[in-house]
Amino acid sequence: MIRSIVLEVVLLGAGLAPQLAQADAGPPYFTNDPGTPGDGNWEINLGSMPTVATHAASYQLPQIDLNFGVGDRIQLTYEIPYVLQTTNGAPRETGWSNAYPGLKWRFLDQGEDGWQVSTFPQLETNASLRERQDGIAAPGPRLLVPVEIARRVGPVDIDFEAGYYAFMHQPRERILGLVIGGSPSPRFEVDVEAYNDHVMGTPAGNTTIDVGGRYKFSPAFIALFMAGHTIGATSTGEQAFTGYIGIQILLTNYGRRLAAAGADEH
């Protein structure tokens with residue numbers, strides 16, 4: 001199943017190849033890439049992510065993603081969403097979900113046209129008892145240990161991520177993500193993504209296919225957007241729409257000024 005999904009996404013990306021270059025994973029996508037903001041630079045992503053199924057809906061509003069560059073290859077990260085959750089026949093629940101502090105290290109960098117490989121361990125922190133009982137947050141803590149790989153193939157950029165959650169007294173879980181795409185113009189980027197999250201030992205994982213992009217208003221302000229849908233059977237038994245809309249803010253010189261032209265590459 002996953003192989004056929006990945007093949008379809010690869011073929012779609014190949015169909016876009018004559019126009020595309022310079023794709024990146026990371027927000028608005030589930031998949032991460034090896035990119036880092038650069039020494040002393042901030043990348044701040046503020047967004048909203050809805051997940052809507054037949055009998056329930058969850059809205060991350062806001063979804064906060066803060067990233068700071070230490071040297072050219074290391075990124076410090078802190079992510080946390082505020083969740084609004086609705087279920088048919090039940091009261092609405094709200095609260096802060098699990099946070100994800102982490103550190104990304106791009107240990108292989110062969111330049112823009114070569115291989116780039118990183119690891120991005122993130123600790124999913126615990127949340128309050130109320131958030132866990134309401135289903136807004138998961139039991140924690142647990143550690144996500146992924147590897148991100150990026151490579152340009154002709155005019156197309158490919159980003160791949162595979163990771164595993166290590167934690168005690170819970171089922172094992174792994175993630176797989178693939179993003180293909182690029183920029184038909186200097187300001188606009190469009191990508192397709194296939195992402196699978198599977199709790200080991202269950203008959204099916206959650207597989208999402210989505211299309212998204214970025215639009216650069218200026219070197220410091222970039223619009224982020226994505227829309228997708230789960231396919232096939234899922235762990236919850238329901239298919240769901242998912243999306244993302246937000247803004248990326250790039251700051252340089254330890255946050256003292258907005259990114260200028262040529263200073264926002266990472």
Margin query: If the requirement is being of a type in the set (S, T, N, Q), more than 26 Å from Ser58 (Cβ to Cβ) and crowded, with 18+ Cβ neighbours inside 10 Å, which of these qualifies: Gln122, Gln116?
Written below: Gln116
Next item on the list: Identify all residues within segment 57-102 that are surrounded by 18 or more Cβ atoms within 10 Å (Cβ to Cβ) and of a type in the set (Gly, Ala, Ser); write none if there are none.
Entry: Ser58, Gly69, Ser97, Ala99, Gly102
Next item on the list: Look through segment 137-189, keep the residues that are loosely packed, with under 14 Cβ neighbours inside 10 Å and of a type in the set (Val, Ile, Thr), and return whichever of them is nearest to Lys216 (Cα to Cα).
Entry: Val153
Next item on the list: Filter segment 190-213 for residues that are at pLDDT below 95 and charged (D, E, K, R) and give the result.
Entry: Asp197
Notebook entry, point to check: So which strands (runs of 3 or more DSSP E) stay within segment 13-130 end to end and still have 1 or more residues that are under 23 Å from Tyr165 (Cβ atoms) and free of Cβ contacts under 8 Å to residues at least 60 places away in the same chain?
Noted result: 56-70, 74-87, 93-96, 100-109, 116-119, 122-124
Notebook entry, point to check: Inside segment 189-209, can you point out the residues that are more than 21 Å from Val153 (Cβ to Cβ) and not β-branched (Val, Ile, Thr)?
Noted result: Asn196, Asp197, His198, Met200, Gly201, Pro203, Ala204, Gly205, Asn206
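On the basis of being closer than 22 Å to Ile180 by Cα and among the small types (Gly, Ala, Ser), does Ala162 make the cut?
Numbers: closer than 22 Å to Ile180 by Cα: yes; among the small types (Gly, Ala, Ser): yes.
Taking the combined requirement at face value, the residue satisfies it.
Return a yes/no flag: does segment 79-96 have any residue that is of a type in the set (D, E, K, R), farther than 27 Å from Glu238 by Cα and at pLDDT 95 or above. Talk me through it step by step, then tell me what you get.
First, the residues of segment 79-96 that are of a type in the set (D, E, K, R): 79, 92-93.
This time we only want the ones that are farther than 27 Å from Glu238 by Cα, so: none.
Within segment 79-96, not a single residue is of a type in the set (D, E, K, R), farther than 27 Å from Glu238 by Cα and at pLDDT 95 or above.
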Next item on the list: Just one of (1) without any contact (Cβ under 8 Å) to a residue 40 or more places away in the chain; (2) assigned to a strand (DSSP E or B) trips up Ser185, so point out which.
Entry: (2)
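The values are calculated or read from the model by the stated rules, or taken from the named source; none is laboratory data. For clarity, every value in this text was computed on a predicted model and none was experimentally measured. A quick note on method: Cβ atoms are made from the backbone with ideal geometry, for glycine too, and the neighbour counts reach across all protein chains shown.
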